[in-house]
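Engineer: Let me begin by handing over the structure; questions about it come next.
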Amino acid sequence: MTKERGTRLRAGLVGCGGFAQAALIPAMRMAPIDLVAVCDRDQERAEACGRLLRIPAIYTSLDDLLAREQLDVVIMAIGPDVYPELAEKAMRAGVDVYVEKPPAVTVDKALRMREVSRETGRNLAVGFMKRFATGYRMARELASAPDFGRIMHLTARICSGVWTPVWSSELTPFAFVLDHSVHYLDLIQFYAGPVASVTAELSQASNERFGYAVLLRFQSGATGLLEISNYESRGVPNERIQLMGSEGNSVTVENVSRVTYSRNAPPMSLGRHFDPAADRVVWEPNMTNISPENSSLVHQGYVGEMRHLADMLLSNRPAKPDIDDGIAAVQLAHAIVASNGQRIELSR
């Protein structure tokens with residue numbers, strides 16, 4: 001049974017850490033979402049967040065939050081080790097759920113989350129915000145145009161420095177892939193569709209620095225190359241993706257916001273002039289323009305995902321990305337780590 005909605009979502013936040021305060025809460029303010037309650041098992045942190053937001057409804061237990069508040073959605077930013085249990089509680093209480101990426105540590109637990117979502121009829125959205133980032137969204141639009149043709153090949157690179165996920169007791173190759181790289185594991189499938197097979201090779205410089213070179217085959221027939229590592233510094237830009245179409249066109253996104261659209265341009269010839277209809281064009285945001293829509297939270301996709309979540313739930317439509325997308329990303333993460341140079345076939 002669908003619930004009657006108002007014009008704004010009533011949301012409860014579970015997890016009041018630095019990420020939620022830096023990204024999710026400000027993004028919610030730019031969407032039709034009213035944050036009416038906060039919850040964190042650390043009482044001091046929950047109270048500090050509540051004071052900052054001037055929200056009197058402060059909880060240290062999800063059970064208490066669900067029992068006492070009338071909510072449309074619970075937004076969770078804790079970790080994949082606890083999302084399956086907490087999301088099930090919320091959905092069984094009749095509340096839609098958003099969890100930050102990744103939704104679970106294992107494929108089995110992610111599948112269980114999907115079962116509960118279907119059983120209860122509640123939405124279960126997953127926070128792959130890069131789908132809503134300015135540059136990645138533009139690339140999707142360009143690659144979906146008829147003259148681009150089908151995506152036949154993509155190359156992707158997301159590298160960073162060393163950090164240990166808060167949900168993992170130590171930094172391992174798997175923890176690195178599931179936490180750091182999972183955004184791109186979703187993004188490549190957002191563009192090219194489900195991955196059919198994967199072959200990955202690991203390099204490891206120390207107990208905390210590693211990288212993977214990944215060969216991909218998509219169900220569509222497209223191929224891909226993915227590079228993920230933590231050999232770089234967290235202080236430098238580190239993302240690039242290029243989509244190549246069947247008609248000689250390609251689109252490249254560098255570090256979220258620089259978009260290069262390369263058409264099937266004519267080769268160099270004597271006296272060649274610039275052809276606006278065929279030559280390469282580049283877009284970048286105008287950062288000299290003071291505008292809320294020019295903020296990093298917009299360009300990174302956090303605002304877009306919160307707006308989409310609100311729009312979908314307020315109109316009783318399913319929000320994307322959803323748990324199916326989460327399952328696909330978690331499954332691909334496990335396959336990359338398990339490959340060890342061998343081809344692994346994936347099923348959906």
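Engineer: Considering each of Tyr136, Tyr98 in turn, give the residue that is under 25 Å from Glu293 (Cα atoms), of a type outside the set (A, V, I, L, M), touching a Leu at 6+ places or on another chain (Cβ under 9 Å) and assigned to a helix (DSSP H, G or I).
Structural biologist: Values: Tyr98 fails: assigned to a helix (DSSP H, G or I).
Exactly one of Tyr136, Tyr98 is under 25 Å from Glu293 (Cα atoms), of a type outside the set (A, V, I, L, M), touching a Leu at 6+ places or on another chain (Cβ under 9 Å) and assigned to a helix (DSSP H, G or I), namely Tyr136.
Engineer: For region 274-294, how many residues meet the condition of being touching a residue at least 12 places away in the same chain (Cβ under 8 Å) and not hydrophobic (A, V, I, L, M, F, W, C)?
Structural biologist: Kept after step one, since they are touching a residue at least 12 places away in the same chain (Cβ under 8 Å), are these residues of region 274-294: 277-285, 292.
Next cut, not hydrophobic (A, V, I, L, M, F, W, C) only: 279-280, 284-285, 292.
Number of matching residues: 5.
Engineer: Looking at His153, His180, can you tell me which residue is out of contact with any Leu (no Cβ under 6 Å at 6 or more places or on another chain) and within 24 Å of Ala23 (Cβ to Cβ)?
Structural biologist: Values: His153 fails: within 24 Å of Ala23 (Cβ to Cβ).
Just one listed residue meets the conditions, His180.
Engineer: A further question on this structure: Report, by residue number, each residue of region 166-179 that is assigned to a helix (DSSP H, G or I) and surrounded by fewer than 21 Cβ atoms within 10 Å (Cβ to Cβ). Quick ask: steps written out before the conclusion?
Structural biologist: Restricting attention to region 166-179, the residues satisfying the condition of being assigned to a helix (DSSP H, G or I) are 173-179.
Hits for region 166-179 are Pro173, Phe174, Ala175.
Engineer: Going by the structure shown, is Val214 over 19 Å from the mean Cα position of the chain (by Cα) and among the β-branched types (Val, Ile, Thr)?
Structural biologist: yes
Engineer: Hey, another quick one. What do you reckon, is Pro26 closer than 27 Å to Ser168 by Cα, modelled with pLDDT of 95 or more and assigned to a loop (DSSP other than H, G, I, E, B)?
Structural biologist: Considered against the rule, which asks whether it is closer than 27 Å to Ser168 by Cα, modelled with pLDDT of 95 or more and assigned to a loop (DSSP other than H, G, I, E, B), Pro26 comes out as no.
Engineer: Next up: Which of the numbered conditions does Gly121 fail, given that it passes all the others? Conditions: (1) closer than 18 Å to Gln331 by Cβ; (2) touching a residue at least 40 places away in the same chain (Cβ under 8 Å).
Structural biologist: Evaluating Gly121 over (1) closer than 18 Å to Gln331 by Cβ; (2) touching a residue at least 40 places away in the same chain (Cβ under 8 Å) leaves (1) as the failure.
Engineer: Does region 82-93 contain at least one residue that is of a type outside the set (Ser, Thr, Tyr), open to solvent by 10 Å² or more (accessible area, probe 1.4 Å), more than 21 Å from the chain's Cα centre (by Cα) and over 26 Å from Ser169 (Cα atoms)?
Structural biologist: yes
Engineer: Return only the number of the condition from (1) among the hydrophobic types (A, V, I, L, M, F, W, C); (2) closer than 20 Å to Ile33 by Cβ; (3) open to solvent by 50 Å² or more (accessible area, probe 1.4 Å) that Val99 does not satisfy.
Structural biologist: Exception for Val99: condition (3).
Engineer: If Val105 satisfies all but one of (1) part of a helix (DSSP H, G or I); (2) more than 21 Å from His308 (Cα to Cα), what's the number of the condition it fails?
Structural biologist: (1)
Engineer: Additional query: Within region 195-314, which strands (runs of 3 or more DSSP E) (wholly inside it) include 2 or more residues that are open to solvent by less than 20 Å² (accessible area, probe 1.4 Å)?
Structural biologist: 195-204, 210-218, 223-229, 239-245, 250-254, 258-262
Engineer: Scan region 55-81 residue by residue and report those that are part of a loop (DSSP other than H, G, I, E, B) and open to solvent by less than 40 Å² (accessible area, probe 1.4 Å).
Structural biologist: Ile55, Ala57, Ser61, Glu69, Leu71, Asp72, Ala77, Gly79, Pro80
Engineer: Between a first residue in region 207-225 that is touching a residue at least 40 places away in the same chain (Cβ under 8 Å) and closer than 18 Å to Leu178 by Cβ and a second residue that is among the acidic types (Asp, Glu) and in a strand (DSSP E or B), which pairs have beta carbons less than 9 Å apart while being 6 or more apart in sequence or on different chains?
Structural biologist: If the second residue must be among the acidic types (Asp, Glu) and in a strand (DSSP E or B), the pairs left are Gly211/Glu227; Tyr212/Glu201; Tyr212/Glu227; Val214/Glu201; Val214/Glu227.
The values are calculated or read from the model by the stated rules, or taken from the named source; none is laboratory data. Quantities reported herein were computed from a predicted structural model and do not represent experimental measurements. For neighbour counting, all protein chains shown are included, and Cβ atoms are generated from backbone atoms with ideal geometry for every residue, glycine included. Surface areas here come from the heavy atoms of the whole protein model, side chains and all, with no ligands, DNA or RNA. Shrake-Rupley method; radii C 1.70, N 1.55, O 1.52, S 1.80 Å.
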